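The values are calculated or read from the model by the stated rules, or taken from the named source; none is laboratory data. Keep in mind the model is a prediction, meaning the values are calculated, not measured. Quick reminder, even Gly has a Cβ in these numbers, built from the backbone with ideal geometry, and neighbours come from all protein chains shown. Note: accessible area is taken over every heavy atom of the protein model, side chains too, but ligands, DNA and RNA are not part of it. Shrake-Rupley method; radii C 1.70, N 1.55, O 1.52, S 1.80 Å.
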Amino acid sequence: MLQLPDNNYSVRDITRWLWAALQGNRLQATLNAAIGLLGVVLGLSSVWAMQRAIDIASGAREGSLYLAVGIMAALILGEFAVGISRVWIKNILGVKAQNRMQQRLLARLLRSEWRGREAMHSGDIINRLEQDVKTIVTFLTETLPSTISTITMFVGAFIYLLQMDTWLAITTVAILPIFISVSRIYVAYMRKYNRKVRDTDSLIQSLLTETMQQRTLVKTMEADQQMLSRLDKTQQTLRNWVRRRTVFSVGSNFFLNIGFSIGFLIAFLWGALRLHAGTLTFGGMTAFLQLVNRIQGPARDLARLVPTFVSVFTAAERLMELEETPEEQQGPSQLLPGPCGIRFEQVSFSYDASAQPIMSNFSIDFKPGSCTAIMGETGSGKTTLIRLLLALVKPQEGKIIIYSGNGDGTTAANGKVAAVNSSLFTIHFTLSNLHRCNFVYVPQGNTLLSGTLRENLLLGNPKATDEEMHHALRMACADFVEALPNGLDTCFSEQGGGLSEGQAQRISIARALLRPGSILLLDEATSALDAETERKVLENILQGQQRTVIFVTHRAAVVDYCDQVVNVRRC
């Protein structure tokens, strides 16, 4: 039992991460802390006011009973106001803080390097961005400030009681050393159980997400029961971990509550004996019991905070894992004068250092203004070639050059500073993600998002005018949009629901054509089009030869429009 489970991050690492996350939520945390401290002052004042009123009523002291009750009423109203303020701050600032952290983490994910084999399921990532972010924000903006007021209440009540009866005050808090001594073991095991629960919950969300995304496949394969069986098995695992966590938590709380109960009974008996002996007034007895509650109440709250801290540490670990992937090179996009060319020089690449390379000493020059067809069998490396062109992955050997001009210049040694040959007007760069703006990319498949047609097109160019969008639609042979009742403001469901695959593909082409880049990369972009529509789209795209065009295709008809054909083969 004393051998604590290992964790991915140390307490120091998690604390530093939480401190950094707190910086963006200081306003709400400060307001909640201030309100909590005000609540402590009002709470202790209520103890004093009640003791005074009872002593006046019993004749133990002189004074106006009405005034004493009026002071109690004012303090009670003050505590009500504190509670309302706390709810108000939570509702107004809490959602904003959660949205801000989700945006920061999503931006970090979008800036991270692309990995060919993603370690996390999309459902797991969504679960972390929703549930774990909420846990962290609630802790930083509500739980942490309330902890400060809880500790203040504990210390204040203890000092108050200490002045009334030293022995009773010390007896009341005698359980704390025991609580502190066992808390480390409790926290370690609760972190383990809580992590298992959260990870299993992510598995359930991943399964639900994937099932809904592939529901057509599930229905046509008649695999309903198989998917339900997988879900039930995962849910059983979740229930088992929740049960184990609950048993451990209930057992720990049982022994802790026994200690608190014994402490309260001792305080009650001691106060009753003093009251019987005439050394304590009725008001003093009431104050005794209230102070014991206001000492043990915060102590109980602190005990309840232990599972909260465990949940926060688990959530922080899971969000920190999202940030493990290194960021891409950051800086302004580098748009070169078009048309641009791309040259591979002895490029070798593999996704895993121990695996057979996908490419080995591969060289090709996609000259400015040229049109090239990339062909090859499934698994030959066409998708990898696209990822290299878009700088999603980097070659292990060789280099990829993006250039503007006739290609006879030289590349700067560091690959970041262009070398310009004034006589040939050639600009060379070693390709990086900063040059992605030079590409107009149409991926294969249906890539439309839910929303309006206008919103989908503006992904290609946020500044595009209606006229430019209509022109791009005509270039992509998507004239059918003109007949839609709401035109550009027509709403689509997920993946362009309501459109045929061919229509969705043409809108994707139009969206890409709105981008200013001079290298057009089409990955099976016309696979869902009939031969006549494909011919028109290709003629429109190649009209004037303003761009360098690279087709990744299996369709022989595309070859007739190309200057060169590259057949790729796996090593």
Checklist outcome for this item: Carbon/sulfur accessible area of segment 429-571, % of total, 1.4 Å probe, equals 49 percent
Checklist entry - In nanometres, what is the gap between the two model label sites at Ala81 and Val155, each 7 Å from Cα along Cα-to-Cβ? => result 2.6 nm
Item to check | Label point at Gln334 placed 7 Å out along Cα→Cβ; residues across segment 369-402 whose backbone nitrogen lies under 14 Å | outcome: 391, 400-402
Checklist entry - At a probe radius of 1.4 Å, what is the per-residue accessible area of Ile262, in Å² to the nearest 10? => result 90 Å²
Item to check | Computed over segment 485-556, Kirkwood Rh from alpha-carbon pairs, angstrom | outcome: 13.5 Å
Checklist entry - Which sequence of Lys233, Lys399, Lys367 reflects their accessible areas, 1.4 Å probe, from the largest down? => result Lys233, Lys367, Lys399
Checklist entry - What is segment 1-107 by shape, rounded, prolate or oblate, if you read a ≥ b ≥ c off the alpha carbon gyration tensor as root eigenvalues and call it rounded for a/c under 1.5, prolate for a/b larger than b/c, and oblate otherwise? => result oblate
Item to check | Over 19 Å (Cα to Cα) - which of Lys382/Lys536; Lys96/Lys134; Lys90/Lys196; Lys196/Lys233 fall in this group | outcome: Lys382/Lys536; Lys90/Lys196
Next on the checklist: Around Gln28, under 10 Å between beta carbons, what's the net of Lys plus Arg minus Asp minus Glu among the other residues?
Outcome noted: +2
Checklist entry - Separation of segment 1-77 and segment 494-571 by C-alpha centroid, Å? => result 66 Å
Item to check | Reachable aspartates and glutamates, given that their alpha-carbon falls under 18 Å from the alpha-carbon of Lys394 and they are not under 8 places away in the same chain | outcome: Glu113, Glu118, Glu327, Glu328, Glu345, Asp352, Asp365
Next on the checklist: With a 1.4 Å probe and all protein chains kept in place, how much accessible area does Tyr441 have, in Å² rounded to the nearest 10?
Outcome noted: 80 Å²
